[in-house]
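See structure below.
Taken together, the values in this text are just the output of simple stated rules run on the coordinates, not laboratory data. The model shown is predicted, which means the values in this text are computed figures rather than measured ones. Note that each Cβ is placed from the backbone with ideal geometry, even for glycine, and that neighbours are counted across all protein chains shown.
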Amino acid sequence: MSRTSVPIHTGGKSMQIPLSVSFRNMEHSAEIETAVREKVDKLEEFFDGIIGCRVIVEEPHHHHRKGNLYQVKIHLIVPHREIVVDREPPEHQAAEDVLVALRDAFKEIRRQLQDYARELRRDIKRHEDPLHGLVKNIDADEGWGMIETPDGREVYFHKNSVLEDDFHRLKIGSQVRFVEERGDKGPQASSVKLVGRHHHFVD
């Protein structure tokens with residue numbers, strides 16, 4: 001008879017959403033639950049920005065010759081993304097052992113997490129390097145403006161981000177250097193420095 005257990009919630013080291021482990025079509029196993037918790041702890045040691053993790057261990061079907069083939073699904077929530085391993089293992093792989101299925105699934109999620117971490121490091125490095133652009137729009141009354149970059153992007157800035165109290169000196173066409181970060185509504189400048197007046201990009 002097919003059985004689906006209620007998810008088990010265990011506290012991760014720093015996750016905002018507690019770890020959830022579910023069993024489908026099989027009995028709950030304390031051994032498997034412990035193995036999952038240990039593997040998630042290792043992921044947190046590698047990347048401390050994990051927001052939440054949901055793991056589903058499933059026995060999807062019965063194979064007459066090879067026995068039960070286990071399937072492990074992992075949904076990992078990280079900033080701005082969800083990383084997922086959700087594949088049914090090919091029958092020629094050693095998935096009859098649930099611990100082997102767990103090992104392979106967590107090996108894949110770690111590989112994806114490593115790719116994401118490298119992407120983040122490149123993104124942070126790029127945004128830490130000062131960029132340059134021209135003031136495209138400015139609202140002196142409201143205290144904000146937009147910077148146009150050489151590649152045509154628009155980056156928001158607030159007057160409080162303008163260094164040396166130079167917001168009142170900014171005009172459309174002013175050349176600035178700025179550090180970009182990701183804001184709630186898109187790219188924004190965390191600091192803006194006026195370096196020239198009324199310069200224009202040359203095509």
Within 10 Å of each residue's Cβ, count the other Cβ atoms and sort GLU181, GLU142 from fewest upward. GLU142, GLU181
As a footprinting exposure proxy, order ARG37, ARG121, ARG24 by other Cβ within 10 Å, with the fewest listed first. ARG121, ARG24, ARG37
Near LYS136, which aspartates and glutamates are there with a Cα under 13 Å away, not counting those fewer than 8 places off in the same chain? GLU148, GLU154
Run the numbers for ARG118 and ILE51: contour at 0.36 nm per residue of separation, minus the present Cα-Cα distance, in nm. 22.3 nm
What nm distance separates the two modelled labels at ASN137 and GLU181, each placed 7 Å from Cα along Cα→Cβ? 2.3 nm
What is the calculated FRET efficiency for VAL84 to HIS158, with r their C-beta to C-beta distance and R₀ = 45 Å, to the nearest 0.05? 0.80
Fewest-first sequence of PHE157, PHE47, PHE178 by Cβ atoms within 10 Å of each Cβ: PHE47, PHE178, PHE157
